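Taking it in order: structure first as structure tokens, then the write-up.
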Amino acid sequence: MGNHILVIFWGVCLVAQLVLVIAFNVLNEHRIAVLEYAGYAVWIVSMIFGWLPILIFKKKGGVARGKSYVHTTTLVTTGLYGIIRHPQYTAGILLSLALLLVSQHVIIILLGVVVMPLLYIDIMKADRSAIGKFGDEYRRYMKKVPRTNFILGIIRYFRKP
């Protein structure tokens with residue numbers, strides 16, 4: 001249970017952000033439009049990073065039939081995973097950022113200030129776990145592919161010899 005407290009905490013805060021955006025979005029008439037539209041764009045990227053790994057892991061992750069996509073047996077390092085190591089965690093960070101940009105409400109911003117660093121801490125824990133599961137192969141992968149910086153990851157991906 002101790003390992004899951006962090007996930008539960010940032011998860012509750014992220015859900016609270018989402019619920020409050022729905023509640024406050026109508027009430028906040030003083031939003032800066034360009035930030036709001038940027039937030040919707042970030043939200044779309046978040047959805048791609050959040051859902052695509054499910055398909056990728058089921059296809060390339062060596063997941064046994066009937067098992068959840070999180071039960072990978074093969075290290076996936078191509079496609080989206082050739083750009084960033086943790087697209088779903090990155091999706092969470094981007095979703096939190098999108099919600100605060102869309103709403104521009106102080107409570108949602110404060111929740112985002114809590115969610116984003118906690119997610120990043122969880123990402124570092126996921127790296128340690130993957131090293132335990134995949135060993136040196138994952139260490140080599142870590143040197144090639146950024147943790148969450150998908151812009152750097154895209155540049156590296158297309159500069160490959």
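In the stretch 84-132, what residues are among the charged types (D, E, K, R) and free of Cβ contacts under 8 Å to residues at least 24 places away in the same chain?
The initial filter retains those residues of the stretch 84-132 that are among the charged types (D, E, K, R), namely 85, 122, 125, 127-128.
Answer for the stretch 84-132, where residues must be among the charged types (D, E, K, R) and free of Cβ contacts under 8 Å to residues at least 24 places away in the same chain: just Arg128.
Mind checking which pairs have a first residue in the stretch 10-23 that is touching a residue at least 40 places away in the same chain (Cβ under 8 Å) and under 11 Å from Ser103 (Cα atoms) and a second that is surrounded by fewer than 16 Cβ atoms within 10 Å (Cβ to Cβ) and of a type outside the set (S, T, N, Q), Cβ under 7 Å, 6 or more apart or different chains?
Leu20/Ile107
Give me the pairs, please: first residue somewhere in the stretch 136-158 and free of Cβ contacts under 8 Å to residues at least 24 places away in the same chain, second residue anywhere and buried (at least 17 other Cβ atoms within 10 Å of the Cβ), beta-carbon distance under 6 Å, and either six or more positions apart or on two chains.
Leu152/Pro146
Restricting attention to the stretch 24-39, does a residue exist that is on the phi < 0 side of the Ramachandran plot, out of contact with any Leu (no Cβ under 8 Å at 6 or more places or on another chain), surrounded by 12 or more Cβ atoms within 10 Å (Cβ to Cβ) and small (Gly, Ala, Ser)?
No, every residue in the stretch 24-39 fails to be on the phi < 0 side of the Ramachandran plot, out of contact with any Leu (no Cβ under 8 Å at 6 or more places or on another chain), surrounded by 12 or more Cβ atoms within 10 Å (Cβ to Cβ) and small (Gly, Ala, Ser).
Take the residues in the stretch 23-42 that are hydrophobic (A, V, I, L, M, F, W, C) and at pLDDT 85 or above; name whichever of them is nearest to Asn149 (Cα to Cα).
Keep residues of the stretch 23-42 that are hydrophobic (A, V, I, L, M, F, W, C), which gives 23-24, 26-27, 32-35, 38, 41-42.
If we keep only those that are at pLDDT 85 or above too, we end up with 32-35, 38, 41-42.
Numbers: Ile32: 26, Ala33: 26, Val34: 23, Leu35: 21, Ala38: 18, Ala41: 17, Val42: 14 Å.
Checking each candidate, the answer is Val42.
The values are calculated or read from the model by the stated rules, or taken from the named source; none is laboratory data. Owing to the predicted nature of the structure, the values given are computational and were not obtained by experimental measurement. All Cβ positions, even for glycine, are placed from backbone atoms using ideal geometry, and neighbour counts span all protein chains on display.
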